[in-house]
Structures are given as structure tokens and as C-alpha cells.
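Asker: The structure's right below; bear with me while I get my questions together.
All of the numbers you see were taken from the coordinates with simple rules; none came from a lab. The shown structure was predicted, so the numbers you read here are calculated from the model rather than taken from an experiment. For neighbour counting, all protein chains shown are included, and Cβ atoms are generated from backbone atoms with ideal geometry for every residue, glycine included.
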Amino acid sequence: MRHDEGMEAEVARVVDLVEATRERLADLLPAVPGETTVVLHPTATQLALAQPALPAIRLATAPAARRYLVGWVARGRLDVLVGAALRDRASGGEGSRDLLRLSPAALYAQLALAASAPQWPPPFRPAPVARAARWAWLWLGAGPWLSGQLAFARPAIVRRLREGSRPTFPPAARDASLLGATVLDLLERHCGAAAVVRLATGPLAAGGASAALGEAFGGTPFAELEHAWSTHLDRLAGRG
């Protein structure tokens with residue numbers, strides 16, 4: 001654990017959170033990371049210097065989700081914003097602070113996904129990166145689903161549905177970090193958590209997302225899945 005002086009309380013909180021996440025995911029996923037370095041950053045500038053790709057990723061993300069991109073991963077390492085800089089990102093809506101609080105757990109879950117399925121980054125080599133870009137809703141959605149962040153995402157989902165056009169199914173890359181987990185949540189409700197783990201860690205369908213989702217949902221036609229997800233999204237936003 002790397003951190004600045006005077007951050008002992010934050011260190012203890014993050015250590016407890018990551019350890020609890022590791023223990024829970026060890027019972028759910030095929031594998032969890034080995035030794036993991038956790039680097040805590042008290043300012044956004046320090047975080048950006050440590051993970052220089054993050055500002056560009058944030059700009060490519062829908063505005064409703066940008067405030068929640070407070071960390072990034074590398075092989076065997078996660079960097080995350082903490083302290084007042086993290087708390088100041090909360091929107092004031094119910095659940096926003098909790099969603100941010102679980103960021104280290106979601107980042108650790110991304111590392112656990114890569115440990116369970118080497119097809120995903122990190123490491124950020126060309127083939128895994130290209131795959132993650134094509135399947136961003138699955139790759140980026142797994143962390144929030146595995147960490148429990150989705151339970152607190154209502155304010156962000158409400159904002160996203162008010163801004164711009166209706167999200168596509170499955171979510172486009174700009175919506176993946178916020179809405180990808182909603183697809184996995186729908187799958188869990190219909191087919192169980194094991195079905196989500198199989199989808200996220202198993203071989204990716206040659207026919208792309210529509211084929212993968214149809215198979216995961218037991219052969220349900222894509223149009224029906226799209227309608228079910230749209231209804232589920234409205235329900236998560238408190239509209240249904």
C-alpha cells in the first residue's frame with residue numbers, strides 16, 4: 001500500500017475494503033490476483049500523473065459517469081483517488097458517495113477479472129486492449145457489478161437518461177463504465193450470478209455481443225433482450 005503521510009484512516013478503510021472484496025470474489029471467480037499494489041492519491045493531479053491514460057478515458061465517457069472514474073489499473077496494481085478529493089466528486093444525490101467509496105473494490109474486481117480470464121487487460125497489450133474496446137460494456141461493467149457499486153448508481157443513471165439520446169443495447173463504450181453493469185444485473189436476475197461469471201470469464205462469442213447475450217440468456221431473441229434491458233434501466237432509475 002503506497003500513500004502520503006497523514007492518510008492512515010484512508011489506508012485502513014481501503015485495506016479492509018479490498019481484503020473483503022478479495023475474499024468474496026475468491027468464492028465467485030475462477031481466480032483472484034496475487035500480490036497487488038494499491039496506490040492512494042490525495043489529488044486528481046497525482047492520479048493523472050500515475051495513470052496518464054485516465055484523463056483521456058474520462059473525456060471519452062458520458063458526462064454522467066465521469067465523476068466516478070477515480071482510478072485505473074495496471075498489472076498487479078491499482079491507483080485510486082481518496083480523501084477530500086474523492087468526497088468532493090459526489091453529486092449530492094443519494095448513493096453517490098457510496099458509489100465513490102466502493103471505487104477501490106471495483107478496481108480490484110477488474111484485476112480479478114483479468115486474473116480469471118487473460119483475454120482481458122491488464123496487461124494493456126494490443127490484442128486485449130482491442131478486445132476490451134469492442135466489449136467495453138462487459139469489461140468495464142464487470143467491476144461495478146462484482147463490487148456492488150450498481151446498488152448506488154441510481155443518481156448517475158437518472159442523469160444519463162436525461163442527457164443525450166437513449167443508450168444503445170448493449171451500452172456503447174462511452175456508457176460502458178456506468179451502464180455495462182446493468183446488463184449483467186439483468187442477466188443475474190434472470191439466470192443467476194454463475195451465468196454472469198461464465199459470460200465475463202468464458203470465451204467470447206464469435207458472433208459478437210448479440211450472440212453472446214442470446215446464449216447467456218438461454219436463447220432469448222435479441223429484440224426481447226433489448227426491450228427487457230430498457231425496462232430494467234428505467235426501473236433502476238426509479239421510472240418503473
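Asker: In Å, what is the Rg of the alpha-carbon atoms in segment 171-240, and how long is Dmax?
Answerer: Just the Cα atoms of segment 171-240 yield Rg and Dmax of 11.8, 35 Å.
Asker: In the neighborhood of residue 214, defined by Cβ-to-Cβ distances under 12 Å, what is the net charge if each Lys or Arg adds +1 and each Asp or Glu adds -1?
Answerer: Summing Lys and Arg as +1 and Asp and Glu as -1 gives -3.
Asker: By per-residue mean of other Cβ atoms within 10 Å, what is the highest-first order of 222-229, 202-209, 58-65?
Answerer: My ranking of the peptides, most packed first, is 58-65, 222-229, 202-209.
Asker: Would you mind ranking 217, 124, 169 so that the residue whose beta carbon has the fewest other beta carbons within 10 Å leads the list?
Answerer: Least to most surrounded, the residues fall as 124, 217, 169.
Asker: Take 210, 165, 177 and order them by how many other Cβ atoms sit within 10 Å, fewest up front.
Answerer: Exposure proxy ranking, most exposed first: 165, 210, 177.
Asker: Out of the GluC sites (Glu not before Pro) in segment 108-215, which ones are loop residues according to DSSP with at most 16 other C-beta atoms within 10 Å?
Answerer: Here the GluC sites (Glu not before Pro) that fit, given the DSSP loop and packing criteria, are 163.
Asker: Once you have the Cα-Cα distance between residue 59 and residue 11, take 0.36 nm times their residue separation minus that, and quote the gain in nm to one decimal.
Answerer: Difference between extended and current length: 14.4 nm.
Asker: Could I ask something else about it? List the residues whose amide H sits under 5 Å from the amide H of residue 74, counting only those 5 or more places along or on another chain, with H placed 1.01 Å from N in the peptide plane.
Answerer: Answer set, sorted by chain and number: 79.
Asker: When the chain is fully extended, how far beyond the present Cα-Cα distance does residue 172 get from residue 37, taking 0.36 nm per residue of separation?
Answerer: Gain in length upon complete extension: 45.5 nm.
Asker: Another question, then. Calculate, for residue 189 and residue 211, the FRET efficiency according to 1/(1 + (r/R0)^6) with r their C-beta to C-beta distance and R0 22 Å; round to the nearest 0.05.
Answerer: 0.55
Asker: Next up: Does segment 1-96 come out rounded, prolate or oblate by the C-alpha gyration tensor, with a ≥ b ≥ c the root eigenvalues, rounded set by a/c under 1.5 and, if not, prolate when a/b is larger than b/c and oblate if not?
Answerer: Here segment 1-96 falls in the rounded category.
Asker: Residues of segment 192-234 with amide nitrogen under 20 Å from the 7 Å Cα-to-Cβ point of residue 91?
Answerer: Taking a point 7 Å out along Cα→Cβ of residue 91, the residues of segment 192-234 whose backbone N falls under 20 Å are 230-234.
Asker: Express in % the proportion of alpha carbon pairs of the chain at distances exceeding 22 Å.
Answerer: I get 50 percent for the Cα pairs in the chain exceeding 22 Å.
Asker: How much length, in nm to one decimal, is gained on full extension between residue 134 and residue 228, taken as 0.36 nm per residue of separation minus their Cα-Cα distance?
Answerer: Stretched out fully, the residue 134 to residue 228 stretch lengthens by 31.6 nm.
Asker: Okay, moving on. Expressed as a whole number of Å, what is the distance separating the alpha-carbon centroids of segment 122-146 and segment 55-115?
Answerer: Here the answer is 15 Å between Cα centres.
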